[in-house]
Amino acid sequence: MDRPEKYNDSHKTFQLSIAVFKGLCFLIAFIIFAIIGVKELQSIFKIKNNSEKIARTQLPAFVENQKTLVNIERLRYIAEVIRSSDNPKERRNKRISAEAFASESIFEQDPNFKKLAKTIVVAMKDLVEAKSEVDKINQNILELQTNYSNTLITLANITTATENNLGIIKLINEKNYVFSSNHNDLKDLEDQIKTTLQTVNYYTKKISINHPDKLLFINSQVEAINSIFEHSLLIKKDRLEANKKINTIWQEIDNNLKIMSDSVTAGAEVSLANSMLSITTASNNAFQSSIGLYFLIFISFTIYYILEYVFIVKPLRLTSEKLAAIQDGKLDTKLPKIYIKELANIANLLDRFSTHLSELYSHANQLEEDVNKKRNFEAIMRAVFKVSLDGYIVWNENTILSVSEGTVKLFELETEQNFINYWESKDFLQNKANIIFKNIQNETVWRENVDFYTPNHKQLPCELTHLIVEFDNQQCILSYIRDLREQKKNELALLKAKDAAEVATKAKSDFLARMSHEIRTPMNGVLGLTKLALEESPSPRQKTLLEKIESSANILLGVINDILDFSKIEQGALTLEVRPFTLNEVVVPVFDLIEHLAFQKNIKLNKNIDQDLLSNIKFMGDNLRLSQILLNLCGNAIKFTEKGNVTVSVTCIESNSETMTLNFSVKDTGIGMTLEQQQSLFKPFAQADSSTTRKYGGTGLGLMIAKLLIEQMHGSIHIKSEPEKGSEFYFVIPFKLAQNSKENILIEQEREENNKNLVGKHILVVEDNEINQEIIVSFLENFDINVTTANNGQEALDILKTHDFDCIFMDIQMPIMDGLTAAKEIRKNGRNEIKNIPIIAMTAHVLQADIDKSINAGMNNHLTKPIEYEKLVKQLHDIFI
């Protein structure tokens, strides 16, 4: 095809080849570089001549000065070795080397150098003698330390008491600060000696108590230790003086060496500076020439770049743009004049074949897109068939067309052909294909569960997913087989785990119920008898003791309630009582309990609470739970504090007419905690460090219970702590203020009026424990109630056959007949007059399941042991008022 006429006319201009164009550019650059290069060589020869002159005239003197400086540094090195070495022989050898070295001719030539060298040698001799004196002092200190250790070992051998031995052995094993070589402060040394002597006296006194017959010998050993420490103090003073002398001698040697070094370098520097100045001048001239050369090189390359861009790069770029335009179907793109032959030929060819290339690219793009799609799909399918652990099968009613490796492994076969033979032998294809085609007409995908069997007769439960696909131009079925054996195994394991959990839950409930009964029964006696004793007008001292017993028992009961009712804590189902109280009712019992603990550990116990908050303000809340929280935090503070103090503070941080927010703080000077330990502190059965459990004891449950109680009261607990500096636990709780005194008086008057209505009532108490029986009878007789007692359920039924009562208080666990059986018998077979009588359960069982059992047996309510007086009164009011 002939090129277009327009294109030929526009390019009939002067043209150069690329080789000619580049040759001209390089010829111009070579001429410029040659002119500048001659000047550059001249500057270099000038620098060379100056350098040779310096080498002939100045270098020998400079080298000699350098040798002198090296010898001076050798003298400095020898002095430093003598100063730092602990080997007397090495110091002596270095001193001899210094004397020989100082007598060399290099120092003998200058009188000043000779004098300074002799002065330095004499100072080195003094330095060696001072170091020897320090060695003797250190040897004396070592002997004193050995005598001190032997004396302590003698004391340790006197007694067999583990604590004393361990204390003395600890003193022996410690590298005592008194005998160390790091003392620069005699006051610090004296303080350390006093502290060590106090420790020694402490253990020797304890040994003397156990061995009075060896008192004189022990005292003599203590006197020996005192003498050792006094002698060591004197020796340490001598060593400080010796060290000062060494530093003074070293300073003298160092000053003389500096004088010698400065005198050597002064003359050399002036001569060298003058020589270097001439080289610098020549170098600057060469540098200026180089700058000019580099600037011309830069200008030359810039011009070359511009020419190359205009004649070569720009035509190439425009040609590339035309090619891109042809790919987009734009065939009328024009090119400017081109002066390079090769580029003009390319443009001519591009223009001639533009139409054909455009059509070719159009068809090629479509073909490549189709091929890529097919290739990607085939690659994905091959990867799925190869790596999937599940099975894939492509098949129809006549044969199996493709099988994945996962299918062969799933059926425990070796090759694909083995699976095909096994599958076709089951006469599965045609019948199953008809069913699948029928079901997939209504759904795009059909799933089913099938139990297969491997050739080894192992059961293989599977889930099959079928869908219709095109394979080799025919309609086929793609079946995905998912192995369900692991799922079945997990389901069976979950069922077994569920059964085991239910058994464990039942066992825990039975244990808690049994433990609740065993603990609460004696607690009922403690609280009940204490209540009765308080009503007998005891002496003030006895009253104080009884009130402390009652307070302690109530707090202990609260702790027992939390432990026994741990299932409620786990579920967040704690219930709090709301009653009026003062902070005095909370703080005093807690301090009564912890004061003796603090006294035993010689820890100061501080209370920082405003008196108005203590007694003049009444709050609404659960004072027993609040006491439990403070008791736990204070107990922990004392437990983890070896010395110092524990401070309990209560402050008001916000208040209005209805509520007051209080901040409770318990601060100690104990062992403290790291940030990592604090993060796991409030977890159940967790401690800051597992080693603290062995050292201090504890279950790790207390802080978790305290946190739950505080959050139940709509508060929050926090901690500030540093290792070895102590901890501060503080929590903030908002409390409602109690009603005013007038309203409280009305409530009290109403309660007294209700109590009068109880007079003359007849109540049957069924209780097998004599102490508990005596307590409940005493409580009821306070209201002038007629009480009849029975020792078991059968005895109660016998009494009820002939007597009428207004109410029955019935224990649950009793011999002969328990309370639940008796209640059922009353409701079922009792006389009409007593079938509907109120029956109140009295039991130590506190779980909800136990309460449900009581109600299901026909009882009206459930009263938990130990019987609290206020709850009994409330129960009586609910029945009769």
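The residues Val666, Val777, when put in order of fewest to most other Cβ atoms within 10 Å, stand as Val777, Val666.
Across region 255-260, coupling constants 3J(HN,Hα) worked out from phi with the 6.51/-1.76/1.60 Karplus curve, θ = phi - 60°, read 5, 5, 5, 5, 4, 4 Hz, and Gly and Pro carry x. Relative protection proxy for 402-408, 779-785, from highest mean packing down: 402-408, 779-785 (other beta-carbon atoms within 10 angstrom). Restricting the calculation to Cα atoms, every distinct pair contributes to the Kirkwood radius of region 744-880, found to be 15.2 Å. For region 744-880, the Cβ-based charge dipole about the Cα centre amounts to some 540 debye (Lys, Arg positive; Asp, Glu negative; other atoms uncharged). Taken along its principal axes, the alpha carbon cloud of region 388-483 reaches lengths of 36, 26, 26 Å, longest axis first.
Ordering Gln417, Val469, Val445 by Cα displacement along the dipole of region 388-483 toward the positive end leaves Val445 in first place; charges were set at the Cβ atoms of Lys, Arg (+1) and Asp, Glu (-1). Spatial offset of region 826-881 relative to region 613-675 amounts to 38 Å, using the alpha carbon center of each. Counting every other Cβ atom within 10 Å of each residue's Cβ, Ser300, Ser680 order from fewest to most as Ser680, Ser300. Taking each of Lys206/Lys643; Lys118/Lys237; Lys756/Lys853; Lys667/Lys871; Lys607/Lys720; Lys94/Lys115 in turn, the alpha-carbon distance tops 26 angstrom for Lys118/Lys237; Lys756/Lys853; Lys667/Lys871. Using only side-chain charges placed at the Cβ, +1 for Lys and Arg and -1 for Asp and Glu, the dipole size of region 388-483 relative to its Cα centre rounds to 220 debye. By the count of other C-beta atoms within 10 Å, a proxy for reagent exposure, Leu546, Leu234, Leu576 are ordered fewest to most as Leu234, Leu576, Leu546.
Pairs Lys438/Lys458; Lys236/Lys725; Lys373/Lys432; Lys543/Lys618; Lys205/Lys236; Lys604/Lys865: which exceed 27 Å Cα-Cα?
Beyond 27 Å: Lys438/Lys458; Lys236/Lys725; Lys373/Lys432; Lys205/Lys236; Lys604/Lys865.
The HN-Hα couplings worked out from phi for region 289-304 by the Karplus form 6.51 cos²θ - 1.76 cosθ + 1.60 (θ = phi - 60°) are 5, 5, 4, x, 4, 5, 5, 5, 4, 4, 4, 5, 5, 5, 5, 4 Hz, whole numbers, x standing for Gly and Pro.
Values in this text are rule-based calculations from the coordinates and carry no lab data. Since we're looking at a predicted model, the values are computed, not measured. Every residue, glycine among them, receives a Cβ derived from its backbone with ideal geometry; neighbour counts consider all protein chains shown.
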